[in-house]
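Below is one structure, written out as structure tokens; the observations come after it.
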Amino acid sequence: MNKKLRISLALAGLMVMGGCGFFDDPIPDDVSILVSGTAGDSVRVVLSKDFVAGPNQSGGTDVNVFTSDTVFTVLPVDTTVNISWERRIYFDVTPLGQDSTVLSVSVAIDGRSIFDDSGSVLAIRPFRFLYLWNQYYTSTIDLL
């Protein structure tokens, strides 16, 4: 096989690998969070990247938050958080001033939607969301 043909095949192989995302960095950088509902409803939002999460005996996931940013605000909430170092995020949304509210929550990682749902949220049972890159966890989340 001559040298030009080998170089051509090598370049074609690199182009194919580059086109299929082989060289793309899969580690997440940013999480975009959009929480909407009845405009003007008061909510408490807790965001944390400093926590541990693990399975509990009932088959759910326990989350123990060490530090967090807690914000008392009104709907809608639209924020982007950099998680390139921690590769994890926990947040919860609790209605204030009313027993329940209907929320619509959308979460995107680096512009790719990973969660989009809506439903009623109670003050005694807030909406909770957990993202751990490359780790298994359940959809039942308990805060310790």
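The values are calculated or read from the model by the stated rules, or taken from the named source; none is laboratory data. As the structure is a computational prediction, the values presented were derived from the model and not from experiment. A quick note on method: Cβ atoms are made from the backbone with ideal geometry, for glycine too, and the neighbour counts reach across all protein chains shown.
Within the range 122-143, can one find any residue that is within 27 Å of Asp41 (Cα to Cα) and in contact with a Pro (Cβ under 7 Å, 6 or more places away or on another chain)?
Initial filter on the range 122-143 (within 27 Å of Asp41 (Cα to Cα)): 122-131, 139-143.
Remaining after also requiring in contact with a Pro (Cβ under 7 Å, 6 or more places away or on another chain): 123.
So far as the range 122-143 goes, yes, one or more of its residues are within 27 Å of Asp41 (Cα to Cα) and in contact with a Pro (Cβ under 7 Å, 6 or more places away or on another chain).
For the range 72-85, which positions are part of a strand (DSSP E or B) and of a type outside the set (Ser, Thr, Tyr)?
Taking the range 72-85 first, the residues part of a strand (DSSP E or B) are 72-74, 77-82.
Passing the criteria: Phe72, Val74, Val77, Asp78, Val81, Asn82.
Tell me the residue from Ile27, Ile33 that is over 22 Å from Leu96 (Cα atoms), of a type in the set (A, V, I, L, M, F, W, C) and within 14 Å of the chain's Cα centre (by Cα), please.
Details: Ile33 fails: over 22 Å from Leu96 (Cα atoms).
From the options Ile27, Ile33, the qualifying one is Ile27.
So Ser118 passes all but one of these: (1) in contact (Cβ under 8 Å) with a residue 24 or more places away in the chain; (2) more than 15 Å from the chain's Cα centre (by Cα). Which condition number does it fail?
(1)
Would you pick out the residues in the range 40-52 that are of a type in the set (Gly, Ala, Ser) and closer than 19 Å to Val107 by Cα? Can you show your working first?
Applying the first criterion (of a type in the set (Gly, Ala, Ser)) to the range 40-52 yields 40, 42, 48.
Selection gives Ser48 alone.
Taking the range 25-71 only, how many residues are within 18 Å of Asn134 (Cβ to Cβ), outside any strand (DSSP E or B), free of Cβ contacts under 8 Å to residues at least 12 places away in the same chain and not acidic (Asp, Glu)? It would help to see each step written out before you state the result.
Within the range 25-71, the subset within 18 Å of Asn134 (Cβ to Cβ) is 25-31, 49, 51-55, 61, 63.
Remaining after also requiring outside any strand (DSSP E or B): 25-29.
Filter again for free of Cβ contacts under 8 Å to residues at least 12 places away in the same chain, leaving 25-26.
Then keep just the ones that are not acidic (Asp, Glu); that gives 26.
Summing the residues that are within 18 Å of Asn134 (Cβ to Cβ), outside any strand (DSSP E or B), free of Cβ contacts under 8 Å to residues at least 12 places away in the same chain and not acidic (Asp, Glu) in the range 25-71 gives 1.
Please verify whether Val46 is within 13 Å of Leu143 (Cα to Cα), aliphatic (A, V, I, L, M) and modelled with pLDDT of 95 or more, treating the condition exactly as stated.
Values: within 13 Å of Leu143 (Cα to Cα): yes; aliphatic (A, V, I, L, M): yes; modelled with pLDDT of 95 or more: yes.
So Val46 passes the test.
Condition check ((1) surrounded by fewer than 15 Cβ atoms within 10 Å (Cβ to Cβ); (2) of a type in the set (Gly, Ala, Ser); (3) under 21 Å from Pro26 (Cα atoms)) across all residues:
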| position | (1), (2), (3) |
| --- | --- |
| Gly60 | yes, yes, no |
| Asn64 | yes, no, no |
| Ser84 | yes, yes, yes |
| Arg88 | no, no, yes |
| Asp99 | yes, no, no |
| Ser113 | yes, yes, yes |
| Asp117 | yes, no, no |
| Leu122 | yes, no, no |
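If only one of Asn134, Asn82, Asn64, Asn56 is over 19 Å from Val35 (Cα atoms) and either at pLDDT 90 or above or hydrophobic (A, V, I, L, M, F, W, C) (or both), which one is it?
Working: Asn134 fails: either at pLDDT 90 or above or hydrophobic (A, V, I, L, M, F, W, C) (or both); Asn82 fails: over 19 Å from Val35 (Cα atoms); Asn56 fails: either at pLDDT 90 or above or hydrophobic (A, V, I, L, M, F, W, C) (or both).
One residue alone meets the criteria, Asn64.
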